[in-house]
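Report on one structure; see the data block that follows.
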Amino acid sequence: MKFGSIEQSSVPDAVLSLQEPSTRFHRNFEQQDTPSRMLPPPISHWLSAFSLRNLNRVSCLVRPSPLPAPRNSHTRSGMELKAVVSALEKLAPPSLAESWDNVGLLVEPSPPFAVRSVLLTNDLTEAVLEEALAKKVDFIVSYHPPIFRALKRLTGGWKERVIVKAVEGRVALYSPHTACDCVSGGVNDWLAKAIGPASVSPLSHSLSAQFPGAWAHRVEFSVGSEADLGSILAELNSLQGVDVHYHTARSGAGEQTRVSVNCMAPALTRTMKLLARESAIYRTVQVLQLNKPPVPDAGPGRICTLSDPVTIATAVQRIKTHLRLSHVRLALGARCTLDSLVLSVAVCAGSGSSVLNGVPADLFLTGEMSHHDVLDAVAVGTSVVLCDHSNSERGFLSELKEALTGQLEGKVKVQLSETDRDPLEIV
Ligand SMILES: [Zn+2]
């Protein structure tokens, strides 16, 4: 079966949207007025008829909506799903997320759907989902995306079971992941606090999602005569994918008009062909590549320059205290001892190799790094502290809880999972 096609007889009148970046389809679904209408049909009822490829978010829309009122009994007034998503996007804009990531709303229950209780977790394991169902939570924020790799079917594995149970239980799933890593005041800034007073900045900068929009290049040139200007503007304005501006400025004894042409990528060659016909103009042409500007204070990883240098032993103790861990793993840099001084610390929550490799610093702090990446760091005199992957992330959820509670104006109960934990422990 071709992706996105539907077997007519299996899902009558359904409005069901399975979204992926470029694909979306809808059908109408008629709910039967039987006792089972008090609960949505199991997801297998909806999905067994579909061959799914590259499914990385699930959105089920049912119109009209005979579905029951939200299933929890909390006394809070609750908020629309859209408002909760909007609050999360405000705290960690999805535009900051890495391009390979899968952030945002991943499971959207059918409307009407009010959110009264949110559970925050680092990882959405089966234990955490059971906790959420027991607590009658209707919205889970899982820092790591519960749907990451494309799913072809929702059977068999524990990750698929989690998604099926969330849909059957009418629980929305949302993941902020690398948007939360990059945003100012996010996971990496929380982790950087472990080091103590320091000036902190991103290891690289996220780029603005808005500017320069669709324009890839700007072509600039000067025109001496009004007659030339009129004809060249007419020709430029006839091109697709360009935006033309000009202004006249005094140049020496006379006046010149400076023309700027914003070009979408395919329009650059057409613009240059047109300008090449006029050699006097062509000699003044400059082509500028338009890059998105960096977002101040946002980006992956952090470099921290301590206000006062501390010994490695002190840095390790501060890290343990901040992360509430009794043990971390330490690799001393070449020629370092526990009494060596630390002035600069590069920090990356989670798995830090790709972000930290090659960064000049006295100390790396991250959740995990490969053996060989640790050897590379140690060889150049950089000590490494590893605290296990999610231990370098989970503590941020307490800050997220406070921030989200404020954003939701107290209308939604926000709580931390009690069963979420790093799978590794020192025994
Ligand atoms: Zn992680």
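Derivation of every value follows stated rules applied to the coordinates shown; laboratory data play no part. Treat the numbers as computed from the prediction; the structure is a model and nothing was measured. Cβ atoms come from the backbone with ideal geometry, glycine included; neighbour counts cover every protein chain shown.
Within the range 200-236, list the residues whose amide N lies under 11 Å from a label point set 7 Å along Cα→Cβ of residue 282.
The answer is none, because no backbone nitrogen lies closer than 11 Å to the label point.
Give me the extension gain from residue 250 to residue 321: residue separation times 0.36 nm, minus the current Cα-Cα distance, reported in nm with one decimal.
Working: separation 71, 0.36 × 71 = 25.56 nm, distance 6.52 nm.
Separation in residues times 0.36 nm, less the Cα-Cα distance, equals 19.0 nm.
In the range 362-427, which GluC sites (Glu not before Pro) fall in coil by DSSP and have 15 or fewer other Cβ atoms within 10 Å? Walk me through the numbers before you get to the answer.
Working: sites: 368, 393, 399, 402, 409, 418, 425; in loops: 393, 409, 418, 425.
Sparse-neighbourhood loop GluC sites (Glu not before Pro): 409, 418, 425.
Under the rule of at least 5 residues apart or a separate chain, name every residue whose amide H is placed under 5 Å from the amide H of residue 122.
Placed amide hydrogens put 143 under 5 Å from residue 122.
At 0.36 nm per residue, minus the direct Cα-Cα distance, what do residue 305 and residue 95 gain on full extension? Give it in nm, one decimal, please.
Details: separation 210, 0.36 × 210 = 75.60 nm, distance 2.77 nm.
Here the answer is 72.8 nm.
For the range 191-264, run through the trypsin sites (Lys or Arg not before Pro) and keep only the ones in DSSP coil with at most 12 other Cβ atoms within 10 Å of their Cβ.
Numbers: sites: 193, 218, 250, 258; in loops: none.
Sites meeting the loop and neighbour criteria: none at all.
Calculate the length of the line joining the C-alpha centroid of the range 355-369 to that of the range 318-338, in whole Å.
Using only Cα atoms, the two centres lie 13 Å from each other.
With a cut-off of at most 16 other beta carbons within 10 Å, and DSSP calling the residue loop, which GluC sites (Glu not before Pro) in the range 91-195 qualify? Please list them.
The qualifying sites are 98.
Quickly work out the residue 419-to-residue 208 label distance, labels modelled 7 Å from Cα along the C-beta direction, and quote it in nm with one decimal.
4.6
Between residue 332 and residue 126, 0.36 nm times their residue separation minus their Cα-Cα distance comes to what? It would help to have the intermediate numbers written out before the result.
Values: separation 206, 0.36 × 206 = 74.16 nm, distance 3.76 nm.
Result: 70.4 nm gained on full extension.
Calculate the spin-label point distance for residue 426 paired with residue 380, positioning each point 7 Å from the Cα along the beta-carbon direction, and give it in nanometres.
For residue 380 paired with residue 426, the spin-label model returns 2.7 nm.
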